[in-house]
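Engineer: Please see the structure below; I have some questions.
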Amino acid sequence: MSGAAAEIVFDRVTKRYPGRAEAAVSDLSLTVPAGEICCLVGPSGAGKTTAMKLVNRLIDFEEGDITIGGESVRSLDLTELRRGIGYVIQQVGLFPHMTVAENISTVPRLRGWEKGRTRLRVDELLDLVDLPAEDYRARFPSQLSGGERQRVGLARALAADPPAMLMDEPFGALDPITRARLQHELLRIQGAVRKTIIFVTHDIDEAILLADRIAILREGGVLAQYDTPARILEHPADDFVERFIGSDRGIKLLSLRRLDELELAPLDGAIDLRASGDTTMRDALSQMITHGSRSLVVVDSEGQPRGVVTLDALAALAE
Ligand SMILES: Nc1ncnc2c1ncn2[C@@H]1O[C@H](COP(=O)(O)OP(=O)(O)OP(=O)(O)O)[C@@H](O)[C@H]1O
Ligand SMILES: [Mg+2]
C-alpha cells in the first residue's frame, strides 16, 4: 500500500475487551472519504484510541469490518498493513539511538529502498516539515525540542507515502503556541500530500480547525454525530453533542468563516487595526478585543483598505 489516498470505511464495527461488560466501540459505521481529515473526538474513555487502532489492527476485532481502499484490513498482511499506514502518537516513539534521518527512513529501509532514493526522500520530508536537512539529519531525538520531535514523527509517518495516516493526539503534549503552529503546518502539508487522515483529539477547537468531518463518540464508543464542523456547530444532533461542543458555539462558528464573506462598511476616520480578508472572523474578533478597538479595517493583498468590520457586526453573527 502506497501512493494515492484511500477511502476508509468502518462498517458496523464493535470491539469488546475481554472481561468488560460494556463495549469500547459499539456498532460503529462511518466513511472517511479519500483525502479527507476525520477527527475523532469525545470524552476520555469514549473509545477514540480503540477505534483508531482497529484500523491498523494494533487492536483486533471480531464484529463488523474496516476497509481501506475497498480492502478489508483483515485480509491484508499485518506487517504490510502497519507499514502502509502512517502512525503518529503523542509520545512520538522515535528510536532514541537512531538519528533523525535513520528514524525517518525506517519504513523505506524495511521495504528495501536503495540508499540514494531513501536519502532523497528523507531530505524532501525534512523540507516538508520545515526542518532544514543539513541541520537536523544527523541529530538524535534527545537533541530536539518537543515540537521538532513531533515534526520528525510526522515525517517518519509520511516516509513511505502511505495512503492513510492515523494520528492519536499528536500535539497533545505541546505548548499552545507550538501546537497552533503544528496544526497549521499539518493543514499545509495535507494540502500538498492529500492523505486520508484519522486524527484523535480531546480538543473540539483542534477538530474544528483541522477536520473535514468530525466524528463525536460518547461513552461505550457510540457515534453521537458524524458531520462537517459547520453542521455540527449549527445543528448538534442532541444534548450530549451540544454539551460537548460547549456553550460558545457561535464563537466557534466564526472560526470557520472569513472576513471576505462579510459586507463591509465604508471607511470613515482613522482605524489602526488591520487584517486581510482571509482572516477568520474569530481571529478578527479576538484582535479587536485584545486591542480594545470596536472596528477593524479589512485590507486587500496590496494592503489597501477595502472597508470596515465592526465588533458589533461580528458579535451579532456569534449569537
Ligand atoms: N486493553 C484494554 N483492556 C480493557 N479495557 C480497555 C483496554 N484499553 C482500553 N480499554 C477501555 O476501553 C474504553 C475505551 O478506551 P480508549 O483508550 O479507546 O478511550 P479514549 O477515547 O481514547 O480515551 P482517552 O481520551 O482517555 O485517550 C475505556 O473504557 C477503557 O478503559
Ligand atoms: Mg485515547
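Engineer: For the range 8-247, which whole-number percentage of the solvent-accessible area (1.4 Å probe, protein heavy atoms only) is attributable to carbon and sulfur atoms? Before the final figure, lay out each step's value.
Structural biologist: Numbers: 5200 of 10520 Å².
Summing carbon and sulfur atoms, their accessible area is 49 percent of the total for the range 8-247.
Engineer: Which percent, to the nearest 5, of DSSP beta bridges fully inside the range 254-318 are antiparallel?
Structural biologist: Of the beta bridges lying entirely in the range 254-318, close to 70 percent run antiparallel.
Engineer: With the cut-off at 18 Å, report for the range 254-318 the share of all Cα pairs above it, as a whole percent.
Structural biologist: 23 percent
Engineer: How high is the relative contact order of the range 7-106? Use alpha-carbon pairs under 8 Å, at least six apart in sequence, and give a whole percent.
Structural biologist: 27 percent
Engineer: Mind checking the dipole of the chain: about its Cα centre, +1 per Lys or Arg Cβ, -1 per Asp or Glu Cβ, Debye to the nearest 20?
Structural biologist: Once rounded to the nearest 20, the dipole reads 1140 debye.
Engineer: Can you tell which of P236, A157, F95 lies farthest toward the positive end of the dipole of the range 8-247, using +1 and -1 charges on the Cβ of basic and acidic side chains (Lys, Arg; Asp, Glu)?
Structural biologist: About the Cα centre, the residue reaching furthest to the positive side is F95.
Engineer: Residue farthest toward the positive end of the dipole of the chain, with Cβ of Lys/Arg at +1 and Asp/Glu at -1: which of I104, G250, P266?
Structural biologist: Going by the Cα projections, it comes out as I104.
Engineer: Moving on. Going by average Cβ neighbours within 10 Å, how do the peptides 256-262, 123-129, 152-158, 242-248 rank, with the highest at the top?
Structural biologist: 152-158, 123-129, 256-262, 242-248
Engineer: May I pose another question? How large is the convex hull of the Cα atoms of the range 124-263 per residue, expressed in Å³ as a whole number?
Structural biologist: Taking the convex hull of the Cα positions in the range 124-263, it is 145 Å³ per residue.
Engineer: Within the chain, what percent of beta bridges assigned by DSSP are antiparallel, to the nearest 5?
Structural biologist: Looking only at bridges with both residues in the chain, the antiparallel portion is about 55 percent.
Engineer: Towards the positive end of the charge dipole of the chain, with charges on Cβ (+1 Lys, Arg; -1 Asp, Glu), say which of Q143, T280, V308 has the farthest Cα.
Structural biologist: Going by the Cα projections, it comes out as Q143.
Engineer: In addition: Label-point separation (nm) for R111 and H291, each offset 7 Å from Cα along Cα-to-Cβ?
Structural biologist: 4.8 nm
Engineer: Mind giving me the nanometre distance, one decimal, between the label points for D268 and D203, set 7 Å out from Cα along Cα→Cβ?
Structural biologist: Distance between the two pseudo-spin positions: 4.2 nm.
Engineer: Under unit Cβ charges (Lys, Arg +1; Asp, Glu -1), what dipole magnitude, rounded to 20 debye, does the range 254-318 have relative to its Cα centre?
Structural biologist: Value, rounded to 20: 200 debye.
Engineer: While we're on this one: Using R₀ = 22 Å, calculate the FRET efficiency as 1/(1 + (r/R₀)^6) where r is the Cβ-Cβ separation of A4 and M98; round to 0.05.
Structural biologist: Details: r = 29 Å, r/R0 = 1.33.
In this case the efficiency is close to 0.15.
Engineer: Determine the distance separating the Cα centre of the range 274-293 from the Cα centre of the range 191-225; give it in Å without decimals.
Structural biologist: Each part reduced to its Cα centre gives a spacing of 26 Å.
Engineer: Given springs between every Cα pair under 10 Å in a Gaussian network model of the chain, which of V41, V88, V222 has the largest fluctuation?
Structural biologist: Most flexible of the set in this elastic network: V222.
Engineer: Could you work out which residue, out of A34, A21, A180, moves most in a Gaussian network model of the chain, that is, has the largest mean-square fluctuation with Cα springs under 10 Å?
Structural biologist: A21
Engineer: Right, something else. Arrange the peptides 46-56, 133-143, 288-298 so that the one whose residues have, on average, the most other Cβ atoms within 10 Å appears first.
Structural biologist: 46-56, 288-298, 133-143
Engineer: Starting from the 7 Å offset along Cα-to-Cβ, what nm value, one decimal, do you get for the label separation of D260 and I177?
Structural biologist: 2.9 nm
Engineer: Moving to a separate point now. May I ask for the percentage of alpha-carbon pairs in the chain that lie more than 26 Å from each other?
Structural biologist: So the pairs more than 26 Å apart make up 54 percent of the total in the chain.
Engineer: Multiply the residue separation of A315 and E62 by 0.36 nm, subtract the distance between their alpha-carbon atoms, and state the gained length in nm to one decimal.
Structural biologist: My answer for the length gained is 86.1 nm.
Engineer: OK, next. Under a 1.4 Å probe, what is the accessible area of the chain per residue, stated in Å²?
Structural biologist: So the chain comes to 47 Å² accessible per residue, rounded to a whole number.
Engineer: Direction-averaged shadow area of the convex hull around the Cα atoms of the range 182-230, nm²?
Structural biologist: Average of the hull's projected areas for the range 182-230 equals 3.7 nm².
Engineer: OK, next. Dipole of the range 57-144, Cα-centred, from +1 at each Lys and Arg C-beta and -1 at each Asp and Glu C-beta, to the nearest 20 debye?
Structural biologist: Using only the charged Cβ atoms, the result is roughly 400 debye.
Engineer: Please build a GNM for the chain, connecting alpha carbons under 10 Å apart, and tell me which residue among L120, L217, L131 fluctuates the most.
Structural biologist: Evaluated over the chain, the most mobile residue of the options is L120.
Engineer: Where does each of 72-79, 225-232 land if you order them by average Cβ count within 10 Å, highest first?
Structural biologist: Put in order of decreasing packing, that is 225-232, 72-79.
Engineer: Quote the relative contact order of the chain in percent (integer), defining contacts as alpha-carbon pairs under 8 Å separated by 6+ residues.
Structural biologist: It rounds to 20 percent for the chain.
Engineer: Can you tally the net charge around P141? Count Lys and Arg as +1, Asp and Glu as -1, for every other residue whose Cβ sits under 14 Å from the Cβ of P141.
Structural biologist: +3
The values are calculated or read from the model by the stated rules, or taken from the named source; none is laboratory data. Worth saying up front: this structure is predicted, and the values here are computed from it rather than measured. Neighbour counts are summed over all protein chains in view; Cβ atoms, including those assigned to glycine, are modelled from backbone coordinates with ideal geometry. Calculation scope for accessible area: heavy atoms of the full protein, side chains included, ligands and nucleic acids excluded. Shrake-Rupley method; radii C 1.70, N 1.55, O 1.52, S 1.80 Å.
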